[in-house]
Amino acid sequence: MGRRLTLILGGARSGKSRYAQEAATRCGGRVLYVATAAVLDDEMAARIVAHKRERPHDWELLEKTSRVGPAVAEFLKHRAIDVVIVDCLTLLASNVLLALPEPLDPGHAASALDAEVAELLGVWEGGSAHWLIISNEVGMGIVPPYPLGRAYRDVLGRVNQRLAAAAEEVIFLVAGLPMKLK
C-alpha cells in the first residue's frame, strides 16, 4: 500500500479503534499498534486489557504516553512495518497537557502538542508505512467550563486540522458508521 496517512475522527465510543483495526487488517502486512493510554486507575487498566484482547496477537505493540514520534522512529529502525496505528491522539494530547506546569499557558500547550504532532508527521513522512491516526472530535459539544478543558479542546482541534490537511484520507465515525470526509 505504501506511505499514506489516514486520520480517523469521531466521538467517544464511535467505533474509531475498531475501524482502524479493520483497515489495518485489509491493508495486510506487519502492523505496529501504538498505544498512548496511561494506566491511571483500575478503569483505564481494564479498558487497556479489553483493547489488547480485540487486537490480533501477531501485531507489534508500542506503549508510549509522550514523545511518540521518536519512539516509533526507534522501533522502525529494528523492524519492517507496513501499517502503523496510533491510538490515540486524544490521550496523547491529554498526556502532553497534563505534564505541563500549572496554571496552563494556552500558547505553551499549543506549542507542546504541535511539537508532538510534528515529530509524528516527520516519522511518517520519512517512512514507507500506511499510518492510521485516531483522534476524537471534541469541538462539537459544549464549551468546557474550566480553562484546562478549553485549552485541551482548542489545541486538539488545531492539531486535528493539521493532521487532516496532511492526510490523504479523513474518516469521521458516528455510531460505528464511517463517513469519508477526504
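The values are calculated or read from the model by the stated rules, or taken from the named source; none is laboratory data. Just so we're clear, the structure is a prediction, and the values are computed from it rather than from any experiment. Positions of Cβ are backbone-derived with ideal geometry, glycine not excepted, and every protein chain shown enters the neighbour counts.
Among the listed residues Asp87, Asp82, which satisfies the condition of being buried (at least 16 other Cβ atoms within 10 Å of the Cβ) and touching a Gly at 6+ places or on another chain (Cβ under 6 Å)? Let's see the steps before the verdict.
On the way: Asp87 fails: touching a Gly at 6+ places or on another chain (Cβ under 6 Å).
Checking each option against the conditions leaves just Asp82.
Looking for whichever is surrounded by fewer than 13 Cβ atoms within 10 Å (Cβ to Cβ), within 22 Å of Leu120 (Cα to Cα) and not hydroxyl-bearing (Ser, Thr, Tyr) here; the options are Gly69, Gly2. Which one fits? Steps first, please.
Details: Gly69 fails: surrounded by fewer than 13 Cβ atoms within 10 Å (Cβ to Cβ).
Gly2 is the lone residue from the list that is surrounded by fewer than 13 Cβ atoms within 10 Å (Cβ to Cβ), within 22 Å of Leu120 (Cα to Cα) and not hydroxyl-bearing (Ser, Thr, Tyr).
Looking at segment 105-128, can you tell me whether even one residue there is out of contact with any helix residue (DSSP H, G or I) (no Cβ under 8 Å at 6 or more places or on another chain), buried (at least 16 other Cβ atoms within 10 Å of the Cβ), more than 26 Å from Arg4 (Cα to Cα) and of a type outside the set (A, V, I, L, M)?
no
What number of residues in segment 129-158 are crowded, with 21+ Cβ neighbours inside 10 Å and part of a helix (DSSP H, G or I)?
Result for segment 129-158: 4.
Given the conditions (1) surrounded by 13 or more Cβ atoms within 10 Å (Cβ to Cβ); (2) in contact (Cβ under 8 Å) with a residue 60 or more places away in the chain; (3) not charged (D, E, K, R), and given that Leu177 satisfies all but one, which numbered condition is not satisfied?
The number of the failed condition is (1).
From Glu74, Glu119, Glu63, grab the single residue that is in contact with a Gly (Cβ under 7 Å, 6 or more places away or on another chain), over 17 Å from Ile8 (Cα atoms) and of a type in the set (D, E, K, R). Steps first, please.
On the way: Glu74 fails: in contact with a Gly (Cβ under 7 Å, 6 or more places away or on another chain); Glu63 fails: in contact with a Gly (Cβ under 7 Å, 6 or more places away or on another chain).
Of the residues listed, the single one that is in contact with a Gly (Cβ under 7 Å, 6 or more places away or on another chain), over 17 Å from Ile8 (Cα atoms) and of a type in the set (D, E, K, R) is Glu119.
Considering only segment 1-31, state which residues are in contact (Cβ under 8 Å) with a residue 60 or more places away in the chain and part of a strand (DSSP E or B).
First, pick out the residues of segment 1-31 that are in contact (Cβ under 8 Å) with a residue 60 or more places away in the chain: 1-12, 14-21, 23-24, 27.
Residues satisfying the conditions are Arg4, Leu5, Thr6, Leu7, Ile8, Leu9, Gly10.
Of the conditions (1) crowded, with 21+ Cβ neighbours inside 10 Å; (2) over 23 Å from Ala12 (Cβ atoms); (3) among the small types (Gly, Ala, Ser), Ala93 clears all except one; give me its number.
(2)
Residue-wise test of (1) of a type in the set (Gly, Ala, Ser); (2) at pLDDT below 95; (3) within 13 Å of the chain's Cα centre (by Cα); (4) part of a helix (DSSP H, G or I).
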site: Lys77; (1), (2), (3), (4): no, no, no, yes
site: Ile81; (1), (2), (3), (4): no, no, no, no
site: Ala93; (1), (2), (3), (4): yes, no, yes, yes
site: Leu113; (1), (2), (3), (4): no, no, yes, yes
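Looking at segment 12-66, which of the residues that are crowded, with 19+ Cβ neighbours inside 10 Å and among the aromatic types (Phe, Trp, Tyr) is nearest to Leu113 (Cα to Cα)?
Looking at residues that are crowded, with 19+ Cβ neighbours inside 10 Å and among the aromatic types (Phe, Trp, Tyr), I get Tyr33.
Where residues in segment 36-74 are among the acidic types (Asp, Glu) and in a strand (DSSP E or B), which of them is nearest to the chain's Cα centre (by Cα)?
If we filter segment 36-74 for residues that are among the acidic types (Asp, Glu), which is where we start, we get 41-43, 54, 58, 60, 63, 74.
Filter again for in a strand (DSSP E or B), leaving 60, 63.
On the way: Glu60: 16, Glu63: 12 Å.
Across segment 36-74, the extreme among qualifying residues is Glu63.
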